[in-house]
Each structure stands twice: as structure tokens, then as C-alpha cells.
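Q: One structure coming up, written as C-alpha cells, with questions to follow.
The values are calculated or read from the model by the stated rules, or taken from the named source; none is laboratory data. Because the structure is predicted, anything quoted here is derived from the model rather than measured. Using ideal geometry, Cβ is built from the backbone for each residue, glycine included, and neighbour counts are taken over all protein chains shown. For the accessible areas, the whole protein counts, side chains as well, though only heavy atoms, and no ligand, DNA or RNA atoms are used. Shrake-Rupley method; radii C 1.70, N 1.55, O 1.52, S 1.80 Å.
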Amino acid sequence: MAFHGTTTEVLIVGAGPTGLALALDLARHGVTALLVERGPALFPGSRGKGLQPRTLEVLDDLGVLDEVRAVAGPYPPNLFWRDGEPQGERPMYDPTEPSEAEPYTETLMLPQWRTQQVLYARLRELGGEVAFGRELVGLAQDEDGVTAEFATGGPVRARYLVAADGGRSTVRRLLGIGMTGETVDPDPMLVADVRLTGLDRDHWHVFHAEQGLLAICPLAGTEEFQLVARCPEGATADLSLDGLRALVAERSHLGADQLTGVRWASEFRPRAALADRFRSGRAFLAGDAAHVHSPAGGQGLNTSIQDAYNLGWKLAAVLSGRADAALLDTYEEERRANAAAMLDLSTRVHRGEVRRGRATQQLDLGYRASSLAADTRPAPAGDALRAGDRAPDGRREGTRLFDAFRGPHWTLLTVGTGAELPALDVPVVRIPSYGAYGDGVFLIRPDGYLGWAGATAEGLAAYAARCGVPGA
């Protein structure tokens, strides 16, 4: 029977940072993808506002780092207030000095809506679009693909579907995938993007009052502030302009009339939850649909973008016919373990057990335990680089490594060896020495991790064929 609807290779449900990043990455690979969003426009709030150093590397690879830096800013220090008087300040993040191998170590602040705008603009440059007003109401799978039904508009047939539709994911519910987690804080919280006067934009202002915590942070790249407040257990937050004015007047030295407008407001309960599976047949979960974090650690949006970055090249390799569909099994294998670790970290930061710093930068995350990590060298001592680790940056012989890695391709790197290499259709970079790598042959994945490492290239061709490397 003929199908009367839209067909695409990949259907992405949800145009938040996860869906936009995935659509952008697939567009770089030449994959036809349809990105749908049930709302009439992109999400308008600041919910996820921290961009960790590893995410800045991803944005560099996606070609949008300059645009992000033009509107983002550093996290301001906390300034604590009591009874209308400042009590001292403390940095939000423990500083880490950049290095040749790790050029980005500062966490930048950018409201989620601005991050989405940057990603969307880049997606449109590559010919992509978002279909707004498309609410998913049903889906069915067979061995060849997925058929999605919508409240308005015709059905869509795709070879694969990716759920990037948030913590209350419709796709996850339709797939029957459970989510296991815990409440991080029993008290409800409210968050709002507001305009106000009377506070400087050089600090994250924290007020301790009998009624509860109030924090007001200037949002980089805007004239607005983000307001966060803890509500009494069992209370319902008043998100109206008058309600927020009353809250600010009650918990700070500001007058009610100094809060002049509200752009967006929401109520939430901090929780940590992980989907029982990240895949069901030809459907995948990514972002908040797969893991929900406390916002305290600044890990949710970043972990979500990493999901997209991991899945994009794998879908492209399978859809092109270069790799067997079994490659897609490594998405859950790699990302679920990382998401679980980041959920634990977010919760510990929320509870004051871990400071924001090296642990929250995501530079140390990797896939050493993955079936895609192949290292044929004798096990090096200490913290030496291993297959599955993030590929360091550096400049040698007039080449910056991140420039060589940038793009949807694999990269073959040799350090301190003239080893004969298989004839793969990938860029080759040869440098005489670099301590961050040590001597050897390294095959860098499209997502910037070491897939294969060896003293020679023996066995590399077979590995490349299994992963769908062009020319293998």
C-alpha cells in the first residue's frame, strides 16, 4: 500500500538544544532529517544557561563557537545579601587555567533561548528547517522504519526516529520506556526571566530570608535577569507579575515595583531520573527525554548536546551503508553510562557535596569501556591517553589539531612515527612529537574521541571497516 505522507531518513521530535544540535550534525553529514516541534516557536526561556568547556569544543566543531562567544559571558561571582546589606562574594566556579591540550576551560553563560537561536541559524545555513506546530500523537514501528502521526498535518515515515522532546517525552511514553529516579529536593522551585532595577549585573545576587532562598542572576547577552526561588513544600508558585513582585519584595531589599516585567516563568521540582533504555527498535531517546537533572550542576543541556553529537555520526554511517546497523547499539552503551555519571554529579552539586570546577567541565568524560574503543598498545602508565578518551587540541608543524578535526569526518593522526597507513578516505595529519598523545597512530572519531590507538597501524583497517570509516 502506498504511503501518503512525508518521508525522511531521520525524524527528530523536539527542537530544543538536543534536537537542533542533532539536526545540524546530520545536515553536515548530508543526512535528510525532519525536525518537528509541537510549539509555535522555539522555547522562550533561559532554563539551561551554562555551557561547559567540552560543549564549547562541540560548538567549535559545529561551526558556531564564534557566534556563541559574541553573546555569551562568564559566570559572575555570587554576592550574598542579608537584611539589605552585602555580606561578601564567592566565585561560582573554581577556575581552571587553559592549556594547549584544553583551550576552553571557562564555563560560559548563555540563556537557552539564545543558544537555540545560534544553533537554528546555523541549521538554516545548511538548508535545514523546523516544522513548528507539529504535536506527535502516535507512532508505530516495523523492521524498515517508524511511522509518526501528528495532531495536525499528515503522517511522517522515517527510517529512524529520535526523541528530543524533553523530560515529559511523549515519544518515551508511546514507546513504553520507564524512567527511574529520585527527588533531589522536596521543595518546589520557580524560575523566571525578568526585568528589574536596583541590582548590578556583575554579580549573581543571593538573598537568604526566613521565607526561603532567592537568587537573581544577570543573563549574559540580554538585559534580563534569571530569578530562582525555593517555595515551601506543598505550595504552588505564583508565576504572575504580581506574584513575582511580592516574592522579591518579601525576600530582598528591592521594592515590588523594581521588578518591571516577566518574559517567561516556570515551576519545577529538582529531580534526577534516567530512562531505563535509550533505544527501542528504530527509535532513540536523547537529551531530557533520556535523563533529567537538577539544574544546580549545569550538566543537563550539556549532556544533552553530547547525546546528539554521539548519535549523529553513527546514524550517518549506517544510513550511508558504510556501517552495519549494529553500530547504533553503541549509542546507548556509551551515552547511558555517561548520563548516569552526570546525574550523580548534578545531584551532589545540588546538595553542596561537590564544587563546580574540573568535575563539571565534562572534559574528562570518555568511552574507554566502549566496544568502539580499541587500543593495541601496551597499557601506558598513569593518566596517559587511551582509546575512548577525548582527543586533545594542540599546535604542531603549523597545524592546529582542532582545525584538522573540525567537520563530520574521521581524522588519522600519527605522532612520532612514520608507520605505513591503510588507504582510508580521511584527512591524515603527521606530527613529529606531542606529549599529550605520546607516540603512535590514532584514529579520531567524528565526535572528537579516540576510536583506535596503536604503536603501528596493524589492525586499523579492520576497525575502520567496522565503524564505517570512508574508504575502509
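Q: Output yes when any residue across the stretch 201-208 is farther than 24 Å from Leu301 by Cβ and open to solvent by less than 10 Å² (accessible area, probe 1.4 Å), and no when none is.
A: yes
Q: Specify which of the listed residues (Arg377, Arg351, Arg386) is open to solvent by 40 Å² or more (accessible area, probe 1.4 Å) and within 22 Å of Ala462 (Cα to Cα).
A: Matching residue, one of Arg377, Arg351, Arg386: Arg386.
Q: Of Pro86, Pro111, which residue is open to solvent by 10 Å² or more (accessible area, probe 1.4 Å), closer than 27 Å to Val194 by Cα and not charged (D, E, K, R)?
A: So the residue among Pro86, Pro111 that is open to solvent by 10 Å² or more (accessible area, probe 1.4 Å), closer than 27 Å to Val194 by Cα and not charged (D, E, K, R) is Pro86.
Q: Same structure, new question: May I ask you to say which residue of Arg69, Arg47, Arg38, Arg54 is farther than 26 Å from Ile216 by Cα, touching a helix residue (DSSP H, G or I) at 6+ places or on another chain (Cβ under 9 Å) and open to solvent by 20 Å² or more (accessible area, probe 1.4 Å)? Working first, answer last.
A: Details: Arg69 fails: farther than 26 Å from Ile216 by Cα; Arg47 fails: farther than 26 Å from Ile216 by Cα; Arg54 fails: open to solvent by 20 Å² or more (accessible area, probe 1.4 Å).
Result of the check over Arg69, Arg47, Arg38, Arg54: Arg38.
Q: Test each condition in (1) under 23 Å from the mean Cα position of the chain (by Cα); (2) crowded, with 20+ Cβ neighbours inside 10 Å; (3) outside any helix (DSSP H, G or I) for Ser371 and report the one that comes out false.
A: All conditions are met except number (2).
Q: Hey, any hits in the stretch 54-70 for a residue that's among the small types (Gly, Ala, Ser), at pLDDT 95 or above and under 18 Å from Gly407 (Cβ atoms)?
A: Within the stretch 54-70 (the criterion being among the small types (Gly, Ala, Ser), at pLDDT 95 or above and under 18 Å from Gly407 (Cβ atoms)), the answer is yes, since at least one residue qualifies.
Q: Any residue at all in the stretch 224-232 that is open to solvent by 50 Å² or more (accessible area, probe 1.4 Å) and under 32 Å from the mean Cα position of the chain (by Cα)?
A: yes
Q: Here's another thing I want to ask about it. Across the stretch 23-76, what is the number of residues that are in a loop (DSSP other than H, G, I, E, B) and of a type in the set (D, E, K, R)?
A: So the answer is 3.
Q: From the list Gly287, Gly281, Gly312, Gly300, which residue is open to solvent by 10 Å² or more (accessible area, probe 1.4 Å), in contact (Cβ under 8 Å) with a residue 60 or more places away in the chain and within 21 Å of Thr55 (Cβ to Cβ)?
A: Answer to the check: Gly300.
Q: For residues that are open to solvent by 10 Å² or more (accessible area, probe 1.4 Å) and out of contact with any strand residue (DSSP E or B) (no Cβ under 9 Å at 6 or more places or on another chain), scanning just the stretch 1-35, find the one that is nearest to Ala164 (Cα to Cα).
A: Among them, the one singled out is Pro17.
Q: Now a separate question. Within the stretch 172-192, track down each residue that is open to solvent by 60 Å² or more (accessible area, probe 1.4 Å) and in a strand (DSSP E or B).
A: Thr180, Glu182, Thr183
Q: I'm told Arg251 meets every condition in (1) open to solvent by 60 Å² or more (accessible area, probe 1.4 Å); (2) farther than 19 Å from Met109 by Cβ except one. Can you identify the failing condition by its number?
A: Against the list (1) open to solvent by 60 Å² or more (accessible area, probe 1.4 Å); (2) farther than 19 Å from Met109 by Cβ, Arg251 comes up short only on (1).
Q: Name the single residue that is surrounded by the fewest Cβ atoms within 10 Å (Cβ to Cβ) among those in the stretch 236-248 being of a type in the set (Gly, Ala, Ser) and over 18 Å from Leu199 (Cα atoms).
A: Across the stretch 236-248, the extreme among qualifying residues is Ser240.
Q: Quick one: which residue in Arg195, Arg201, Arg159 is touching a residue at least 60 places away in the same chain (Cβ under 8 Å), among the charged types (D, E, K, R) and in a loop (DSSP other than H, G, I, E, B)? Spell out the reasoning first.
A: Details: Arg195 fails: in a loop (DSSP other than H, G, I, E, B); Arg159 fails: in a loop (DSSP other than H, G, I, E, B).
The conditions single out Arg201.
Q: Out of all the residues in the stretch 264-278, which are open to solvent by 20 Å² or more (accessible area, probe 1.4 Å) and at pLDDT 95 or above?
A: Trp264, Ala265, Asp276, Arg277
Q: For the stretch 40-78, give me each residue that is touching a Phe, Trp or Tyr at 6+ places or on another chain (Cβ under 7 Å) and either free of Cβ contacts under 8 Å to residues at least 12 places away in the same chain or aliphatic (A, V, I, L, M) (or both).
A: Ala41, Leu42, Leu56, Val58
Q: Condition first: assigned to a loop (DSSP other than H, G, I, E, B) and open to solvent by less than 30 Å² (accessible area, probe 1.4 Å). Can you find one or more residues in the stretch 131-154 that meet it?
A: So far as the stretch 131-154 goes, no, none of its residues is assigned to a loop (DSSP other than H, G, I, E, B) and open to solvent by less than 30 Å² (accessible area, probe 1.4 Å).
Q: Sticking with this one: Considering only residues that are in a loop (DSSP other than H, G, I, E, B) and either out of contact with any strand residue (DSSP E or B) (no Cβ under 8 Å at 6 or more places or on another chain) or surrounded by fewer than 18 Cβ atoms within 10 Å (Cβ to Cβ) (or both), look in the stretch 389-416 and name the one that is modelled with the lowest pLDDT.
A: The selected residue is Glu397.
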